[in-house]
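S.K.: Pasting a structure here, questions to come.
The values are calculated or read from the model by the stated rules, or taken from the named source; none is laboratory data. From a predicted model like this one, the values you see are computed outputs, not experimental measurements. Don't worry about glycine lacking a Cβ; one is built from the backbone with ideal geometry, like all the others, and counts go over all protein chains shown.
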Amino acid sequence: MHDRIYHEEVNLYVGPNRVLFQVYLKHLWVKIDFFDDLFTGDDPDGTHTFEDNGGELAAMLYDFDEDAFELLLDWVRTDEPLLLNPGCIALSRFYALADQLRLKSLMDEILEATIKNDLEQKELSIPYVDDMTTYCYLPKGSPFRKYICMGIAHMFQDQQMSIAHLRRRLLCDEFCLDFLAVIQKGEPVSDPRDLPIECFK
């Protein structure tokens, strides 16, 4: 079956709203082992379904974020470096999806592109005060979380962020714990844009 469907187009129903994406399998298989496993009957998580009804190839990916999946398809279809909007809310979900698909190289690519954008824009990519929920989309202990946390800690120590703004961000429990772990070291926090990506791993 693998050879037969390699050049076929598949219908992917993504997210709780079951948004339809139509993609050629060969594009997915080249970069993402997860789909090779799924379409050959070996779903690594046991939470997704694949149907081959002769006339339609379909996969149900209801636990994937549809906005993040759209970014994933852009990455699948091109060999160009990632061009990311650092203010895009879907960015953290894109990173989380890459983690879900065990794409460590893509996770590094997303963080590297974010740091590059931050250097060019001369500002750090940190969630807006009212949007700290995006922080929770990121995998716990991930380099991207460490980057954001160090950025906020650096801005606070450097008096670029008010106590009021910091206090409102600390209402996010997961960020609060990570932030305290950084601050309690009692050391100055470097601007994370100046550090190599290995420092966040």
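S.K.: Answer yes or no as to whether residue 163 is surrounded by fewer than 15 Cβ atoms within 10 Å (Cβ to Cβ) and not basic (Lys, Arg).
M.R.: yes
S.K.: May I ask you to list the residues in the range 92-125 that are over 12 Å from the mean Cα position of the chain (by Cα), part of a loop (DSSP other than H, G, I, E, B) and surrounded by fewer than 21 Cβ atoms within 10 Å (Cβ to Cβ)?
M.R.: 122, 123
S.K.: Determine which member of the set 125, 142, 162 is more than 20 Å from residue 91 (Cβ to Cβ) and of a type in the set (Gly, Ala, Ser).
M.R.: Just one listed residue meets the conditions, 162.
S.K.: Hey, another quick one. Any idea which residue in the range 29-63 is modelled with the highest pLDDT, counting only those that are part of a loop (DSSP other than H, G, I, E, B) and either over 17 Å from residue 99 (Cα atoms) or of a type in the set (A, V, I, L, M, F, W, C) (or both)?
M.R.: So, considering only residues that are part of a loop (DSSP other than H, G, I, E, B) and either over 17 Å from residue 99 (Cα atoms) or of a type in the set (A, V, I, L, M, F, W, C) (or both), the one modelled with the highest pLDDT is 32.
S.K.: Condition first: closer than 30 Å to residue 77 by Cα, at pLDDT 90 or above, in contact with a Lys or Arg (Cβ under 6 Å, 6 or more places away or on another chain) and surrounded by 19 or more Cβ atoms within 10 Å (Cβ to Cβ). Can you find one or more residues in the range 186-201 that meet it?
M.R.: Checked against the condition, which is being closer than 30 Å to residue 77 by Cα, at pLDDT 90 or above, in contact with a Lys or Arg (Cβ under 6 Å, 6 or more places away or on another chain) and surrounded by 19 or more Cβ atoms within 10 Å (Cβ to Cβ), the range 186-201 yields at least one hit.
S.K.: Using beta carbons and a limit of 7 Å, which pairs, at least six apart or on different chains, have the first residue in the range 107-127 and closer than 13 Å to residue 196 by Cα and the second one of a type in the set (Ser, Thr, Tyr) and at pLDDT 90 or above?
M.R.: Hits for this filter: 111/147.
S.K.: Moving on. Just one of the numbered conditions (1) more than 29 Å from residue 32 (Cβ to Cβ); (2) in a loop (DSSP other than H, G, I, E, B) is not true of residue 180; which one?
M.R.: Failed condition: (2).
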